[in-house]
Structures are given as C-alpha cells and as structure tokens.
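Engineer: Structure below; questions to follow.
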Amino acid sequence: MPTTENDVPTGSIPLALQSLFYKLQYNDTSVATKELTKSFGWDTYDSFMQHDVQELNRVLCEKLEDKMKGTVVEGTIQQLFEGHHMNYIECINVDYKSTRKESYYDLQLDVKGCRDVYASFDKYVEVERLEGDNKYHAEEHGLQDAKKGVLFIDFPPVLQLQLKRFEYDFMRDAMVKINDRYEFPLQLDLDRENGKYLSPDADRSVRNLYTLHSVLVHSGGVHGGHYYAFIRPTLSDQWYKFDDERVTKEDVKRALEEQYGGEEELPQTNPGFNNTPFKFTKYSNAYMLVYIRESDKDKIICDVDEKDIAEHLRIRLKKEQEEKEDKRRYKAQAHLYTIIKVARDEDLAEQTGRDIYFDLVDHDKVRSFRIQKQTPFTAFKEEVAKEFGIPVQFQRFWIWAKRQNHTYRPNRPLLAQEESQTISSLMSKVSDVYASFDKYVEVDARG
C-alpha cells in the first residue's frame with residue numbers, strides 16, 4: 001500500500017500499520033502501539049477506554065478502504081472481507097417475490113439458544129412466516145401470507161464472525177454478557193446439507209470450506225474487561241496466544257475448547273465428603289472468530305520478504321531501530337557516565353540580567369559534557385580545551401555551591417591534588433559538600 005517518506009505514522013493509519021508490522025517481523029521484543037492509536041485520532045484517555053473490537057475493526061477497514069482509493073491496491077479490503085447475502089420475501093399463495101442484495105464485512109451470529117456456529121447459521125437463514133395480523137403487502141396482490149428470510153449469495157475469502165455475547169435484557173433493563181457454552185469448529189463447512197445457506201443464484205462451483213485462523217477472546221463483564229487472541233499465523237498446528245506484550249505458544253485445546261465459555265467444574269478436594277461438584281461460570285470466552293477459505297489460503301497466508309517492503313519504509317524503520325538500539329545502549333551504560341556543565345564568563349555576561357536575575361547563569365543553557373566517571377579530571381580538561389580553545393594551563397575550575405537564599409555561586413577553585421583524581425573520586429568528595437558538580441571555568445588573564 002503506497003505511503004510516502006513525508007508521511008508521519010501518527011497521522012497516517014497505513015504507515016502506522018506498516019511500521020507496526022515491520023517491527024513485529026524484525027524485532028525480538030514487544031512493539032508499542034502508541035503510533036497506531038494516535039493515527040486513529042486517539043489521545044491517551046481514549047487508549048485506556050474499552051472500545052468494542054468489532055466497531056474498531058469496521059472503522060479500521062473503512063479508513064483503509066478510503067486510503068486505498070486511487071492506488072494500485074484499491075479494492076483489497078472488499079476482495080478479502082466482503083460477502084453478499086440476499087434478503088427475500090416470497091408470497092405463498094401468489095407468484096410474487098421481493099429480494100434485496102446486501103454486502104457485509106462481518107457476520108453477527110447469535111450465541112443465546114445456539115450450541116455452535118452451525119446452529120447460529122441455521123438461525124440466520126431461518127424462515128419467518130408472515131401471516132395473520134403480520135401479512136405482507138405485496139403491491140398489486142394486497143395482503144398475502146409470505147415467507148421472509150436471508151440466504152447467502154457468496155462468502156468472502158476471509159470470514160469474520162462476531163459472536164453476540166452482549167445483548168439487551170428487557171427483564172433487567174440492562175446490557176448483559178452471555179457466557180453460555182458455544183462451540184466453534186477448526187474446519188467450517190458452509191456448503192453442508194447441499195448448500196442450505198446459499199441462495200439459488202449462488203456460484204456452487206466455489207467450495208466454501210474454511211479453516212480457523214484466529215480466536216479473539218473477551219475476558220470480563222459488560223462494563224469492562226480484557227481482550228486477547230489466539231492466532232496461528234501460517235495455519236500450522238502451532239497456536240500462539242497474544243496477550244498485550246506477552247506471546248506464548250499454546251495448544252489447540254487452549255485456543256478452542258477452553259474458549260467455548262459455559263461452566264467449569266472444579267476438582268473436588270475431598271471427594272468422600274461431598275458428592276456435589278462445584279461449578280462456576282467462565283467469564284473468558286470467544287468473541288470474534290476469523291476463518292480463511294481453504295482455496296484462498298495460499299494467496300492470503302504468504303511470506304513477506306524485505307524486498308516486498310517499500311524502500312523509503314525500510315530506510316526509515318532501520319534508522320528508527322538503530323536509534324532505538326543506540327538509546328538502549330546509552331541507557332545501559334548511563335551508570336558509567338556523568339554530565340558536567342561548564343559555565344564561562346561569556347555565559348554569565350550573556351545571561352545575567354537578561355534570562356537570569358538572581359542567579360549568575362542558567363546551567364541548562366551552558367555547554368554539557370558527557371564523561372565517563374573513571375576519566376581523570378586532567379583528561380576532561382583536554383576535552384574542554386578542544387571545545388572552547390582554552391589551553392589546559394590557562395583553565396581554572398570552580399565548584400558551584402547552593403547558598404541559603406537558593407542561589408548558586410562559584411564557591412572555591414579545585415585544588416591541584418583534586419584535579420589529579422578521577423571524576424568519580426572527585427564527585428564522591430565534592431558533591432556531598434556542594435549541591436552540584438557543575439563547573440565554572442576561569443580563564444587565566446594571560447590566556
């Protein structure tokens with residue numbers, strides 16, 4: 001998907017996704033998602049709010065579709081996720097039928113009253129009778145007994161199923177989470193029973209046999225909870241659990257059966273004492289399922305080499321990785337270094353009375369030196385000589401001290417025997433007495 005080197009990840013969802021996937025592929029540590037959430041227009045507050053994952057999925061697809069318009073990848077979202085079904089009303093006693101074709105990117109399946117995915121599809125295409133007070137008005141035929149239902153014209157290569165775990169309860173006048181047991185197969189055959197889910201004009205040459213790719217789990221209740229996913233990225237037998245920054249290998253039992261929901265029986269600690277097993281409701285269960293059509297899996301599940309990634313993206317992300325590695329090294333070695341800030345007469349003259357009114361100088365605006373603590377102070381003086389062009393023999397360093405009125409003043413010059421020590425030794429002796437290890441360099445008038 002085309003992005004340019006002038007794009008900024010926080011302002012471009014495609015670039016933020018490309019950056020995220022690149023880091024996932026080439027990093028050996030977890031990857032932050034702040035760039036991606038910022039590209040959605042979310043601030044820190046939004047990131048900590050629970051968003052419905054199906055709604056997020058739809059928003060994401062819409063944004064990507066919009067960004068793909070007019071590019072070589074236009075239509076990719078539709079090709080992957082879009083299917084079509086037909087809503088129909090057919091009169092029983094007269095020859096009249098009304099149909100309406102609709103597209104979908106995901107299907108919402110009932111959980112309540114359904115034991116598994118097939119039962120949900122059966123319910124989806126269930127025929128409703130329109131009769132009695134509910135007769136259908138069929139244009140010139142008037143009120144007629146009719147059948148109403150839905151049939152599928154086609155299914156997409158990637159089938160996204162949202163399980164309706166959250167429903168409105170009229171008795172309680174509140175939204176509730178349905179934690180009933182609900183099974184889903186590793187292989188889903190939507191051509192079963194002679195294509196009972198398909199409309200008469202569906203293309204029967206396409207084999208609608210699907211393999212489970214991922215299971216998104218919601219753990220918690222209606223007012224909050226936590227999402228995590230079980231994924232097998234290459235459709236191999238190996239499943240992985242993605243739970244924030246933690247990724248673990250899991251077996252098929254954990255990914256499927258343990259996500260069915262329902263009740264679980266606790267093992268009895270004293271079987272002879274009480275024969276009634278203790279059961280508890282499982283609040284972690286599957287919320288979304290992603291299936292990939294067997295005939296399309298080679299096109300969808302394919303390797304991505306570095307050559308498939310845009311050059312500007314490779315350059316940018318490699319540079320980011322190098323900078324991150326430099327920062328990591330910098331942080332790891334931080335305890336070996338110290339910062340010495342050096343103020344000169346020029347700094348005092350420039351700042352006193354302009355930026356600074358009571359102190360002599362703002363130490364955040366003077367030259368800083370990052371120096372190894374084991375460096376001899378005489379070697380540090382050589383660094384100062386290179387930076388300021390002041391020969392070592394004309395340098396004299398003063399230590400700043402904090403006074404009772406909270407101002408800093410040069411207190412005393414370093415002694416010759418002190419300057420012969422390492423910076424670490426000097427810091428241990430001087431910094432305990434004086435508030436800061438910052439320095440004022442006095443230049444000999446002969447210099």
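Engineer: Pick from the stretch 423-438 the residues that are under 12 Å from ARG412 (Cβ atoms) and in contact with a strand residue (DSSP E or B) (Cβ under 7 Å, 6 or more places away or on another chain): which of them is modelled with the lowest pLDDT?
Structural biologist: Across the stretch 423-438, the extreme among qualifying residues is TYR434.
Engineer: What number goes with the only condition from (1) touching a helix residue (DSSP H, G or I) at 6+ places or on another chain (Cβ under 7 Å); (2) loosely packed, with under 10 Cβ neighbours inside 10 Å that HIS335 does not pass?
Structural biologist: (1)
Engineer: Those residues that are polar (S, T, N, Q), part of a helix (DSSP H, G or I) and within 30 Å of ALA32 (Cα to Cα), I need them from the stretch 321-360; list them, please.
Structural biologist: Matches in the stretch 321-360: GLN321 only.
Engineer: Considering only helices (runs of 4 or more DSSP H) fully contained in the stretch 44-116, which possess at least 3 residues that are among the aliphatic types (A, V, I, L, M)?
Structural biologist: 53-68
Engineer: Could you list all residues from the stretch 1-16 that are in a helix (DSSP H, G or I) and touching a residue at least 24 places away in the same chain (Cβ under 8 Å)?
Structural biologist: PRO9, THR10, GLY11, ILE13, PRO14, LEU15
Engineer: Tell me yes or no: at least one residue of the stretch 176-187 is loosely packed, with under 13 Cβ neighbours inside 10 Å and farther than 23 Å from GLY83 by Cα.
Structural biologist: Checked against the condition, which is being loosely packed, with under 13 Cβ neighbours inside 10 Å and farther than 23 Å from GLY83 by Cα, the stretch 176-187 yields no hits at all.
Engineer: OK, next. State yes or no: is LEU313 part of a helix (DSSP H, G or I), surrounded by 15 or more Cβ atoms within 10 Å (Cβ to Cβ) and either at positive phi or within 38 Å of the chain's Cα centre (by Cα) (or both)?
Structural biologist: It is true that LEU313 is part of a helix (DSSP H, G or I), surrounded by 15 or more Cβ atoms within 10 Å (Cβ to Cβ) and either at positive phi or within 38 Å of the chain's Cα centre (by Cα) (or both).
Engineer: How many residues does the stretch 296-310 contain that are without any contact (Cβ under 8 Å) to a residue 60 or more places away in the chain and of a type outside the set (Asp, Glu)?
Structural biologist: The total comes to 2.
Engineer: I've got another one for you. If you take the residues of the stretch 46-98 that are within 28 Å of LEU151 (Cβ to Cβ) and among the hydroxyl-bearing types (Ser, Thr, Tyr), which of them is farthest from the chain's Cα centre (by Cα)?
Structural biologist: The qualifying residue farthest from the chain's Cα centre (by Cα) is TYR96.
Okay, residues lined up against (1) at positive phi; (2) more than 47 Å from the chain's Cα centre (by Cα); (3) of a type in the set (Gly, Ala, Ser):
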position	(1), (2), (3)
ILE339	no, no, no
ARG344	no, yes, no
LEU360	no, yes, no
GLU383	no, no, no
GLY389	yes, yes, yes
PHE394	no, yes, no
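Engineer: Just to check your reading of the model, which residue among VAL111, VAL117, VAL127, VAL150 is within 27 Å of GLN162 (Cβ to Cβ), aliphatic (A, V, I, L, M) and exposed (fewer than 14 other Cβ atoms within 10 Å of the Cβ)? I'd like the intermediate steps shown before the answer.
Structural biologist: Working: VAL111 fails: exposed (fewer than 14 other Cβ atoms within 10 Å of the Cβ); VAL117 fails: exposed (fewer than 14 other Cβ atoms within 10 Å of the Cβ); VAL150 fails: exposed (fewer than 14 other Cβ atoms within 10 Å of the Cβ).
None of the others qualify; the one that does is VAL127.
Engineer: I'd like to check which strands (runs of 3 or more DSSP E) are fully inside the stretch 210-254 and have at least 3 residues that are touching a residue at least 24 places away in the same chain (Cβ under 8 Å).
Structural biologist: Values: elements: 224-231, 239-243, 246-250.
Qualifying strands (runs of 3 or more DSSP E): 224-231.
Engineer: Next question, about the same structure. Residues in the stretch 337-347: is at least one charged (D, E, K, R), assigned by TED's automatic domain parsing to the domain that holds SER420 and free of Cβ contacts under 8 Å to residues at least 12 places away in the same chain?
Structural biologist: Checked the stretch 337-347: at least one residue is charged (D, E, K, R), assigned by TED's automatic domain parsing to the domain that holds SER420 and free of Cβ contacts under 8 Å to residues at least 12 places away in the same chain.
Engineer: Moving on to the next point. Of everything in the stretch 18-30 that's in contact with a helix residue (DSSP H, G or I) (Cβ under 8 Å, 6 or more places away or on another chain) and touching a residue at least 40 places away in the same chain (Cβ under 8 Å), which residue is nearest to LYS67 (Cα to Cα)? Working first, answer last.
Structural biologist: Pass one, the stretch 18-30, residues in contact with a helix residue (DSSP H, G or I) (Cβ under 8 Å, 6 or more places away or on another chain): 18-20, 22-23, 26-27.
Next cut, touching a residue at least 40 places away in the same chain (Cβ under 8 Å) only: 18-19, 22-23, 26-27.
Numbers: GLN18: 13, SER19: 16, TYR22: 19, LYS23: 22, TYR26: 26, ASN27: 27 Å.
So, considering only residues that are in contact with a helix residue (DSSP H, G or I) (Cβ under 8 Å, 6 or more places away or on another chain) and touching a residue at least 40 places away in the same chain (Cβ under 8 Å), the one nearest to LYS67 (Cα to Cα) is GLN18.
Engineer: Across the stretch 151-180, which residue is farthest from the chain's Cα centre (by Cα) among those that are under 21 Å from ASP52 (Cα atoms) and charged (D, E, K, R)?
Structural biologist: So the residue we want is ASP173.
Engineer: Which of the following residues is among the polar types (S, T, N, Q) and modelled with pLDDT of 95 or more: THR211, THR234?
Structural biologist: That would be THR211, the only listed residue that is among the polar types (S, T, N, Q) and modelled with pLDDT of 95 or more.
The values are calculated or read from the model by the stated rules, or taken from the named source; none is laboratory data. No experiment lies behind these values; they were computed from the predicted model shown. Note that each Cβ is placed from the backbone with ideal geometry, even for glycine, and that neighbours are counted across all protein chains shown.
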